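Taking it in order: structure first as structure tokens, then the write-up.
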Amino acid sequence: MGKFSFQYGILEASVKIPKTADGLWPALWLLGGDYPEKSWPGCGEIDILEMGHKDGIAGGIQDKLFNGAAHWGSVQNDGSHPNYAIHRTNRYGLQYGDFHLFTLVWDERSIKMYLDRDKVPTRDGSPAAGSPPAGTPVITADMKPYFEMAITPELEPYFRKPFFIVLNLAAGGSFTGIFTVDGISALNRGNSNQASMYVDYIRVYSNSGALIFNEEFNSSRIDTRIWNIEENDDGGGNRETQSYRRRNVQIDKDRVSGKNCLVLTARKEG
């Protein structure tokens, strides 16, 4: 917020997702640039990745169930608000130590999201091209989005304006259906009561293919010219159990790939 925002384009993020069962809630999302002047959800929200939903926990598919979503409008008397979410059960797990590519394609007409478009084969059987820092992302007709929403006239005030990027790793809350620290089995003795989400890079291109944002987390510290680190004791409006601590957000090396990454860590303390 207040550092970088964009209106329309292609966002790519390479993310290694922690094992969420049970109770972790990793997310990559966008919030309208006029927040907090326009309170949520009037500012608009675009969720590119959320995992850890209570339905995945109940069905034993929390490593495969993920969603994309959009939120807008006003909160009603019953606490509801206009939103559209698509939950997808992927054919392979997303929480086994690999990086996965999440792609948002956004223009004035629609919002679309894709998973692992760098791994999806094309019709001739060859892998789809990845997008190097100076390249243009390739989206072919063979790649079906896991989320697709038209920006209809009534949605234009919410999704035809600049948005900024947010990353977080929540613990518990309404999304997970877990509201006590003891219920968060994802943090346990086996992982020293902590788990982390790794972000290799985030790139944003204009819809004509020009690279307008390229964060590869190459420095030893988070660049505060680009990012804010939220720090408070309030778990938020979704009844999460955590507080936010600066020491849980850092640049560190991924031991498997050897790459520097943004690392968001959830820790059970005390």
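The values are calculated or read from the model by the stated rules, or taken from the named source; none is laboratory data. Keep in mind the model is a prediction, meaning the values are calculated, not measured. Note: ideal-geometry Cβ built from the backbone for every residue, glycine included; neighbour counts use all protein chains shown.
Answer with yes or no whether ARG91 is modelled with pLDDT of 75 or more, loosely packed, with under 15 Cβ neighbours inside 10 Å, over 19 Å from the mean Cα position of the chain (by Cα) and not β-branched (Val, Ile, Thr). Before the answer, list the steps.
Details: modelled with pLDDT of 75 or more: yes; loosely packed, with under 15 Cβ neighbours inside 10 Å: yes; over 19 Å from the mean Cα position of the chain (by Cα): yes; not β-branched (Val, Ile, Thr): yes.
When the stated conditions are applied, ARG91 passes them.
The set of residues in the range 154-201 being farther than 28 Å from THR224 by Cβ and among the β-branched types (Val, Ile, Thr) consists of THR176, ILE178, THR180, VAL181, ILE184. Of the residues that make up the range 168-191, is at least one more than 29 Å from ALA58 (Cα to Cα), at pLDDT 95 or above and surrounded by 14 or more Cβ atoms within 10 Å (Cβ to Cβ)? No, every residue in the range 168-191 fails to be more than 29 Å from ALA58 (Cα to Cα), at pLDDT 95 or above and surrounded by 14 or more Cβ atoms within 10 Å (Cβ to Cβ).
What number of residues in the range 1-58 are of a type in the set (Phe, Trp, Tyr) and outside any loop (DSSP other than H, G, I, E, B)? Show your work before the answer.
First, pick out the residues of the range 1-58 that are of a type in the set (Phe, Trp, Tyr): 4, 6, 8, 25, 29, 35, 40.
If we keep only those that are outside any loop (DSSP other than H, G, I, E, B) too, we end up with 6, 25, 29.
Summing the residues that are of a type in the set (Phe, Trp, Tyr) and outside any loop (DSSP other than H, G, I, E, B) in the range 1-58 gives 3.
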